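Working notes for the structure below.
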Amino acid sequence: MAKGNKHRKSVSYAKWAYIFIAPFFISYIIFTLVPQALTVYNSFFENYQNGLQQIGPNFVGLGNYVKLLTPDKAGTIDFLRYFGNAMGMWIAGAIPQFLIALLLAVLFTSARLNLKGQGIAKTIIYMPNLIMASAFSMLIFALFSNVGPINKWLVASGIIEKSFDFLSYKIPVRTIIAFMNFIMWFGNTTIVLMAGIMGIDQSLFESANIDGANSVHVFFDITLPLLMPILSYALITSLIGGIQMFDVPQVISNGKGTPNMTSTTVIMMLNNYLSTSKNYGMAGALSVMLFIITGILSMFVYRMLAKQYKK
């Protein structure tokens, strides 16, 4: 009987693992990998509409890339200008976002403070992230318009004599966009950093307290170094979101990048190629360049932060 069991074929369940994960790979190939390959392919062709006339597709090699990096009559490269706009507004919102998120994450996870009502506080700070960015942008647009409540309150209080057009000046527009990005995302960043802190071995904090270390030393010598992997993830994803910034400046500037294209981002430029002239060649080249730059910047940020926790 035992001899027969030795020759009995064992049942393998490995195939079921492949069956269960197959839908993900099939969906990824159809809806992500194939479109990405087509984007790269289209970037080498001249393919757009001129009125009712369809131009192309005509193979132009790197011609679309050259056009993107060719200065205009004023000596300005639109791609770099709009990329700088997006980065400037992202940095202005990301700095307070991460500082406040770090502070809140440390306070909420502190066993020494043991703050009450954390559940309600976490819900409140995360709620802006649940609102659609376009809807939130419309609300802010209405608040800061010439006939909006902000202007009415400023005039009624005697702070200004007449309505101030916030959306026609560079600094106010960029400040509003950066503030909106900060409000929408600092709650999500707080939750992510809290998860990272809660994953740190609590015995390290207890040992530090026994040794008499104060809160500042505990944060910079224990919490921050061990939080670097999660912080790197949060910063890189935030960077990618900043590069792809679209809906907030699109609504705030009414799609025009006012004033004088200072709030136009690269994705707004991409949207113009697709919506106005159906210029798939230039849109493809712009997407590929954006992909490469995103990869380079993400790798740079990762390597800079990785040095802190690989020592």
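The numbers here are math on the coordinates, done by the rules we state, and not lab data. Computed from a predicted model, the values in this text were never measured in an experiment. FYI the Cβ positions are ideal-geometry reconstructions off the backbone, even for glycines, and counts take in every protein chain you see.
Rank Gly241, Gly51, Gly187 by mean-square fluctuation in a GNM of the chain with C-alpha springs under 10 angstrom and give only the top-ranked residue.
Highest fluctuation among the options: Gly51.
Report the label-to-label distance for Ile55 and Lys67 in nanometres (one decimal), using points 7 Å from each Cα along the Cα→Cβ vector.
Placing both labels 7 Å beyond Cα along the Cβ direction yields 0.6 nm.
Calculated FRET efficiency, Arg112 and Lys278, Cβ-Cβ r, R0 45 Å, to nearest 0.05?
Working: r = 60 Å, r/R0 = 1.34.
It comes out at approximately 0.15.
Per-residue HN-Hα couplings for the stretch 232-244, Karplus 6.51 cos²θ - 1.76 cosθ + 1.60 at θ = phi - 60°, whole Hz, x for Gly and Pro?
Computed from phi, the couplings for the stretch 232-244 are 4, 4, 5, 5, 5, 5, 5, 4, 4, x, x, 5, 8 Hz.
What are the radius of gyration and Dmax of the chain, computed over its Cα atoms and given in Å?
Cα only, the chain: 25.8, 100 Å (Rg, Dmax).
Taking amide hydrogens as modeled 1.01 Å from N in the peptide plane, which residues meet the under 5 Å criterion relative to Ile55, leaving out close sequence neighbours?
Correct list: Tyr48, Gln49, Asn50.
Under the Karplus relation 6.51 cos²θ - 1.76 cosθ + 1.60, θ = phi - 60°, what is the ordered set of whole-Hz ³J(HN,Hα) values for the stretch 139-146, x standing for Gly and Pro?
Each residue of the stretch 139-146 in turn: 5, 5, 4, 5, 5, 9, 5, 4 Hz.
Can you tell which of Asn42, Asn64, Asn260 shows the greatest fluctuation in a Gaussian network model of the chain with Cα springs below 10 Å?
Sorting by GNM fluctuation, first place goes to Asn260.
Hey, can you grab everything whose amide H is under 5 Å from the amide H of Phe45? Only 5+ residues off in sequence or another chain; H modelled, so Pro and N-termini drop out.
Result for Phe45 returns Val60.
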